[in-house]
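Comments concern the structure below.
The values are calculated or read from the model by the stated rules, or taken from the named source; none is laboratory data. All of these numbers come straight from a predicted model, not from anything done at the bench. Note that each Cβ is placed from the backbone with ideal geometry, even for glycine, and that neighbours are counted across all protein chains shown.
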Amino acid sequence: AQKITQTQPGMFVQEKEAVTLDCTYDTSDQSYGLFWYKQPSSGEMIFLIYQGSYDEQNATEGRYSLNFQKARKSANLVISASQLGDSAMYFCAMREGRNGGFKTIFGAGTRLFVKA
Amino acid sequence: DAGITQSPRHKVTETGTPVTLRCHQTENHRYMYWYRQDPGHGLRLIHYSYGVKDTDKGEVSDGYSVSRSKTEDFLLTLESATSSQTSVYFCAISRDRGLETQYFGPGTRLLVL
């Protein structure tokens, strides 16, 4: 079974608008971490934001926020005020705790296109 | 930015030849990882290291070996490269084993002909 699901292979957003990239996960661990990475066309993997399973507040980092809904097992990335430089591939990842051997599992990614 | 470099950044090789990729970090992080990235598969863990001379297998370790003789260096070796090992290889580091963020190197594009 897929542990990380990103259902949107591609997304379009108009510059300056907000966009939500979906991510659902599956784990039986009580302790886990959720991450989002950005991969621009140049190929590097850039860490964006982290949410711990025990964190009560949604994580925010500048224009990035993580909409964490634990009961739904979703960890959507919200990018506010999209910029052309946000065009990239975005990966959701989960790092399971002790029960999962502290392994990191990545989703298949969502490609975001920002239109001028 | 985390201080992680990978070498070479690009390599073309022939089937059956050995290939070694190097990852070097300046962060003194304990954990180092090798992933491969292929279309439709996301990133998959090949091997990881939790200290000098301490390594363990990931989910796609067949055909690969690793070594870590110094904290800062983690080597990935393809003993006899095959076309199925054509991929982009990423090194990553994390401070510890827990729910720590992994930071990635710039990647190595490997083409096996």
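Note on the range A:85-116: residues that are among the hydroxyl-bearing types (Ser, Thr, Tyr) and within 15 Å of residue B:44 (Cβ to Cβ) amount to 1. In this entry, residue A:84 is excluded by the filter for residues that are more than 9 Å from every other protein chain (Cβ to nearest Cβ) and buried (at least 19 other Cβ atoms within 10 Å of the Cβ). Sort through A:102, A:91 and tell me the only one that's within 13 Å of chain B (Cβ to nearest Cβ), in a loop (DSSP other than H, G, I, E, B) and buried (at least 20 other Cβ atoms within 10 Å of the Cβ). That would be A:102, the only listed residue that is within 13 Å of chain B (Cβ to nearest Cβ), in a loop (DSSP other than H, G, I, E, B) and buried (at least 20 other Cβ atoms within 10 Å of the Cβ). Put simply, of A:82, A:42, A:87, A:74 the only residue that is among the hydroxyl-bearing types (Ser, Thr, Tyr) and modelled with pLDDT under 95 is A:42.
Pairs meeting the criteria (first residue in the range B:97-113 and in contact (Cβ under 8 Å) with a residue 24 or more places away in the chain and on the phi > 0 side of the Ramachandran plot, second residue crowded, with 22+ Cβ neighbours inside 10 Å and in a loop (DSSP other than H, G, I, E, B), beta carbons under 9 Å, at least 6 apart or on different chains) are B:107/A:45. Looking at the structure I just gave you, is residue B:33 touching a residue at least 24 places away in the same chain (Cβ under 8 Å), in a strand (DSSP E or B), more than 10 Å from the chain's Cα centre (by Cα) and under 16 Å from residue B:97 (Cβ atoms)? The answer is no for residue B:33.
Picking from residues in the range A:50-80 that are surrounded by 18 or more Cβ atoms within 10 Å (Cβ to Cβ) and part of a loop (DSSP other than H, G, I, E, B), the one that is nearest to the other protein chains (Cβ to nearest Cβ) is A:53. Of the candidates A:116, A:93, the single residue that is more than 18 Å from residue A:8 (Cα to Cα) and of a type in the set (A, V, I, L, M) is A:116.
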